[in-house]
Amino acid sequence: AGQFLSLTAHVAGEEITRAYSIASPPNGRRFGLCANLVADGRFSPWLFARVQGDEIEFTGPYGTFTPRAVASDTILVATGTGIAPFRAFPGTPSGGNCTLIFGARYENGLLYDAEWRGLARDRAGFAYWPTLTRPSAGWPGRTGRVQPHVMEALGERRDVDVFICGLHETVNELRAQLKAAGVDRKRI
């Protein structure tokens with residue numbers, strides 16, 4: 001859970017490798033990936049053209065972005081397909097409360113939204129805070145970037161583990177804000 005695979009393909013005579021987070025809980029030799037189709041991309045159009053039975057070369061899994069046994073509360077922060085590794089976490093990564101803050105531009109970008117809403121409804125201690133930067137007029141939820149919502153969820157506490165996955169810029173900004181607020185870097 002939380003790791004990624006490196007997929008490789010020969011596209012237009014060139015070998016291309018891309019990393020994709022595993023977006024499913026551990027399930028033997030089966031796994032799911034989460035990917036966006038980038039129309040003018042070099043790899044994703046090839047990947048999206050695959051059909052059942054095609055073989056895809058990959059290596060891994062790699063990475064240390066994995067849930068750990070802790071007794072404190074946890075904040076999970078994702079933007080875009082950065083939500084994928086959290087889907088692989090078993091429920092919540094800790095024994096405490098867990099808040100998932102998921103940012104997307106539009107409502108249709110809230111990947112696995114029904115699953116997160118169901119988990120928030122059915123599991124005590126789990127909260128789901130979706131936020132949109134370009135909401136429709138009827139959007140009833142949070143708006144704007146994820147950073148202020150994370151700081152709201154953190155409040156005055158500093159004994160919270162924060163997992164962040166998504167856009168590089170967002171991850172870096174949020175790390176800096178959390179460190180400046182006094183959160184130990186080992187908790188980020």
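Under a 5 Å amide H cut-off, with hydrogens placed 1.01 Å from N, Leu33 pairs with Ala23 among residues at least 5 apart or on other chains. Close amide H contacts of Leu100 (hydrogens built in the peptide plane, cut-off under 5 Å, sequence separation of 5 or more or a different chain): Leu76, Ala127, Tyr128, Trp129. Taking the DSSP beta bridges in the chain as the whole, what percent of them are antiparallel, to the nearest 5? So the antiparallel bridges in the chain amount to around 40 percent.
The listed residues Phe48, Phe126, once ranked by accessible area (1.4 Å probe) with the largest placed first, stand as Phe48, Phe126.
Across region 56-62, coupling constants 3J(HN,Hα) worked out from phi with the 6.51/-1.76/1.60 Karplus curve, θ = phi - 60°, read 10, 6, 8, 10, x, x, 10 Hz, and Gly and Pro carry x. Placing unit charges on the Cβ atoms only, positive for Lys and Arg and negative for Asp and Glu, gives region 1-81 a dipole magnitude near 260 debye about its Cα centre.
For the chain, what is one quarter of the convex hull surface built on the Cα atoms, given in nm²? If you can, show how the numbers build up before the last one.
Details: hull surface 48.8 nm².
That works out to 12.2 nm², a quarter of the Cα hull's surface.
When the Cα positions of Gly32, Gly144, Tyr62 are compared along the charge dipole of the chain, Gly144 comes out farthest toward the positive end, with charges on each C-beta of Lys, Arg, Asp and Glu. For the chain, modelled as a GNM whose springs connect Cα atoms under 10 angstrom apart, the maximal fluctuation among Thr99, Thr74, Thr133 occurs at Thr133.
In the complete set of protein chains, residue-level accessible area for Asp40 is approximately 140 Å², probe 1.4 angstrom.
Local charge sum around Glu169 (other residues, Cβ-Cβ under 13 Å, Lys/Arg +1, Asp/Glu -1)? Each step should come with its number before you reach the end.
Working: positive: Arg145, Arg175; negative: Glu173.
Spelling it out: positives minus negatives among the neighbours equals +1.
Computed from backbone phi, the HN-Hα couplings of region 154-167 come to 5, x, 8, 6, 10, 9, 10, 8, 10, 9, 10, 8, x, 4 Hz, rounded to whole numbers (Karplus: 6.51 cos²θ - 1.76 cosθ + 1.60, θ = phi - 60°; Gly and Pro given as x). The angle between the Cα long axis of helix 113-122 and the main principal axis of the chain comes to about 40°, on a 0 to 90 degree scale.
State the volume of the convex hull built on the alpha-carbon positions of region 108-174, expressed per residue in Å³ and rounded to an integer.
Numbers: hull volume 8.1 nm³, N = 67.
Taking the convex hull of the Cα positions in region 108-174, it is 120 Å³ per residue.
Based on the inverse mean of 1/r over its pairs of different Cα atoms, what is the Kirkwood hydrodynamic radius of region 23-81, in Å? The answer is 14.9 Å.
The values are calculated or read from the model by the stated rules, or taken from the named source; none is laboratory data. In this text the structure is predicted, and so the values were computed from the model without any measurement. Positions of Cβ are generated from backbone atoms using ideal geometry, with glycine treated the same way; all protein chains shown enter the neighbour counts. The accessibility values were calculated without ligands, DNA or RNA, using every heavy atom of the protein model including side chains. Shrake-Rupley method; radii C 1.70, N 1.55, O 1.52, S 1.80 Å.
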